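All of the numbers you see were taken from the coordinates with simple rules; none came from a lab. Every value quoted in this text rests on a predicted model; they were computed, and no experiment measured them. Here Cβ is always computed from backbone atoms with ideal geometry, including for glycine, and neighbour counts include all displayed protein chains.
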């Protein structure tokens, strides 16, 4: 009986220790950290695929190496597409995981569809 218990206890223990947490913080219709000329909004194009931006920090033996920043995650997502000025129909998540007393991570993840200003893409070429 004891042998069977220890055989089952290890996977259960590992699942608990290595578990992470994801929290959906916000849904948005449009979000940006850039200055946008909304008078030209009719010229903007919607991107074809969803993009993601992440800002993360490590946790080493209970000591975080910083604080993740939502603005940085949004900036990284927008700047990953040339000419993008905002994200449409998106979600912001807070995610974390850890191996106690060893290592872990906290991060913000922003997902959305890029809103592209064609004038900016032609200026970048």
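General remarks:
- Taking a ≥ b ≥ c as the square roots of the eigenvalues of the Cα gyration tensor, region 20-123 is prolate, since a/c reaches 1.5 or more and a/b is larger than b/c.
- Computed FRET value (nearest 0.05) for residue 27 with residue 120, which takes r as the C-beta separation and R₀ as 30 Å: 0.70
- You can think of it this way: the chain between residue 58 and residue 42 has 1.6 nm of extra reach, that is 0.36 nm per residue less the Cα-Cα gap.
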